[in-house]
Amino acid sequence: MTAAPTIGVLALQGDVREHIRALEAAGARAVPVRRKAELDAVDGLVIPGGESTTIWKLAVAFDLFEPLRLRIKDGMPAYGSCAGMIMLADRIEGGIEGQQTFGGIDMLVRRNAFGRQVDSFETDLEFAGRGTIRAVFIRAPWVESVGPDVEVLGRVGPEDRIVAVRQGSLLATSFHPELTGDARVHSYFVEMVREH
Ligand SMILES: NC(=O)CC[C@H](N)C(=O)O
């Protein structure tokens with residue numbers, strides 16, 4: 001693919017605008033996605049941070065839940081940040097009654113894992129062997145465990161909690177790179193979409 005890929009940002013709830021800006025800085029054409037026709041037209045999708053229970057309920061209400069789950073299953077590249085990471089997890093802990101995810105990444109994610117200790121914090125971490133990035137955590141989940149096909153791209157804290165992972169064309173981070181003005185994580189995802 002030589003032309004800029006078109007990457008959607010799921011725009012049901014969450015920090016959509018910041019992801020659109022970061023994707024554009026990373027060289028993609030970025031568009032909000034609220035309808036199935038919009039989903040059908042993108043080469044890849046970002047699921048933003050926000051509130052996973054709300055994103056799940058709105059995806060069902062907008063008739064997007066099943067189409068999106070299927071496109072992810074069919075291999076569409078997707079990147080989930082924070083609540084988006086929860087939405088890409090095959091298994092979650094600390095969800096509300098009946099909470100469903102799109103799934104795709106063979107991992108167990110614990111909701112609000114850092115949130116019980118501190119609501120929000122920032123730190124530097126090594127991302128995907130590409131140097132140090134500033135990571136912003138807001139009532140963030142962490143990855144409790146991963147399956148054999150999941151690559152760990154970032155860890156944090158004294159307990160080395162997993163906070164960035166990749167499985168095939170799916171990427172997820174516990175933190176919010178869209179809030180730092182540093183587009184390296186988005187560039188990494190745009191490369192994944194180009195390679196796809
Ligand atoms: N910043 C965030 O995306 C927080 C995620 C939120 N705690 C959830 O469970 O969905």
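Bear in mind these aren't lab numbers, they're just calculated from the coordinates by the rules spelled out. If you're wondering where the values come from, they're calculated on a predicted model, not measured in any experiment. Here the Cβ positions follow ideal geometry from the backbone for every residue, glycine too, while neighbour counts run over all protein chains shown.
Rounded to the nearest 20, the size of the Cβ-charge dipole of the chain about its Cα centre is 300 debye, with Lys and Arg at +1 and Asp and Glu at -1.
To the nearest 20 debye, what charge dipole does the stretch 79-186 have about its Cα centre, counting +1 at the Cβ of each Lys and Arg and -1 at the Cβ of each Asp and Glu?
Working: 11 positive and 15 negative charges, 25 e Å.
Charge dipole, the stretch 79-186, about its Cα centre: 120 debye, nearest 20.
What is the order of MET76, MET85, fewest Cβ neighbours within 10 Å to most?
Exposure proxy ranking, most exposed first: MET76, MET85.
Taking the charge dipole of the stretch 6-195 about its Cα centre, with +1 at Lys and Arg Cβ atoms and -1 at Asp and Glu Cβ atoms, the residue from GLY157, PHE65, ILE96 reaching farthest to the positive side is PHE65. Among DSSP beta bridges lying fully in the stretch 6-195, give the percent that are antiparallel, nearest 5. So the antiparallel bridges amount to about 50 percent of the total.
With both labels modelled 7 Å from their Cα along Cα-to-Cβ, the ARG21 to ARG35 distance reads 2.8 nm. State the Kirkwood hydrodynamic radius of the stretch 6-195 in Å, one decimal place, computed from all pairs of distinct Cα atoms. This gives a value of 16.0 Å.
Of THR101, THR132, THR53, the sequence from fewest to most neighbouring Cβ atoms within 10 angstrom is THR132, THR53, THR101.
Seen from HIS186, the other residues with C-beta closer than 12 Å to its C-beta sum to a net charge of -3, counting Lys and Arg as +1 and Asp and Glu as -1. Between PRO32, PRO141, PRO48, the residue with the greatest mean-square fluctuation in the GNM of the chain (Cα pairs under 10 Å linked by springs) is PRO32. Which trypsin sites (Lys or Arg not before Pro) in the stretch 99-133 sit in a loop by DSSP (not H, G, I, E or B) and have at most 16 other Cβ atoms within 10 Å of their own Cβ? The qualifying sites are ARG116, ARG130. Per-residue extension of 0.36 nm, minus the Cα-Cα distance of GLU151 and ARG91, leaves a gain of 19.9 nm for this segment. Kindly state, to the nearest 0.05, the FRET efficiency for HIS196 paired with SER120, given R0 = 30 Å and r defined as their beta-carbon distance. FRET efficiency, HIS196 to SER120: 0.35.
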